[in-house]
Amino acid sequence: MNPVIAKSLIVSVLSGFAFYLIHTYLHTDQHAADMDGISAFLGIFGTLYSILAAFVVFEVWTKFNKIAELIAREAQALEQLFRLSLYFRDDDFTERMKAGIGEYVGHIVEGNFRLLAKGERNAKSGLALRKISDIIRDVDFNDDHDSIVFDHIVEHYGMLAQLRTERTNESRNRLPTLLKIFIYLSTVFTLITFLFMPFTTLIYGLMAVIIIGFLQAMIFQIIEDLDNPFAGHWRLTTDPFARALKHIEEDYE
């Protein structure tokens, strides 16, 4: 079973058990006269909470998709950079470029975004990217054809470096701590309110609390996982980089 669903089911069952204990021993059904006031409170609070939860989930989902796109574009840019080197009339330059890209991708795959998950940069891949710039800087050429190709390579390397910087910065961004605390406290308060709701019929109360508990646990996990796209159940991988290197090694022999 999906671990997110399993955890949500556990929370929903525990919530149902807690409601049963509260309903049985505190006799909350005897306060049914207060239902109108509680319903009014839940109507206002629930509207505010639903708007906030939707905003936060949308925000982290948008960031998750943006980082995934940046990873794909960076991997594609590496392959395009190597293709440009093929137009250069220097086989040694092409081989050095291939080795440089291989080293860069190797550090990324080896690191598997573990440092980014902690909010830190991968220094090894950064050094490998600078080695690629050294390879480009040290190349020699003496004709117009190579001059045109060189200009394209320099321009493309600049785009690659920009993509890496943007991808790294976006990956290290997290939701503001105060906002996360607020949404989590709101989630807990919503569940607690339902636990003390004066349902006169036990089965209806259990159904409501179990469903609310399940949904609240799902929201909590979705926000946590998507806010850090390199940890948890939904996580981004280095597969696009590995595929790009495989294409370079196999398709351009």
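We did not get these values from a lab; they are worked out from the coordinates using the rules stated. All values derive from a computational prediction rather than experimental measurement. Cβ atoms come from the backbone with ideal geometry, glycine included; neighbour counts cover every protein chain shown.
The string of couplings for the range 181-195 from the Karplus curve (6.51, -1.76, 1.60, θ = phi - 60°) is 4, 5, 5, 6, 5, 4, 4, 5, 4, 4, 5, 4, 4, 5, 5 Hz, one whole number per residue in order, with x for Gly and Pro. In percent, rounded to a whole number, the relative contact order of the range 146-253 is 19, using alpha-carbon pairs under 8 Å and six or more apart. Ranking of Arg167, Arg89 by neighbouring Cβ atoms within 10 Å, starting from the fewest: Arg89, Arg167. For the range 3-251, a simple Cβ point-charge model (Lys and Arg +1, Asp and Glu -1, everything else neutral) yields a dipole of about 1020 debye relative to the Cα centre. By the count of neighbouring beta-carbon atoms within 10 Å, fewest first, Val105, Val57, Val188 end up ordered Val188, Val57, Val105. Computed over the range 82-142, relative contact order equals 35 percent, with contacts defined as Cα pairs under 8 Å that lie 6+ residues apart. The relative contact order of the chain comes to 42 percent, based on Cα pairs under 8 Å that sit 6 or more residues apart.
Taking only the Cα atoms of the range 98-235, the ratio Rg/Rh comes out at 1.30, with Rh defined as the Kirkwood radius. By the count of other C-beta atoms within 10 Å, a proxy for reagent exposure, Glu79, Glu59 are ordered fewest to most as Glu59, Glu79.
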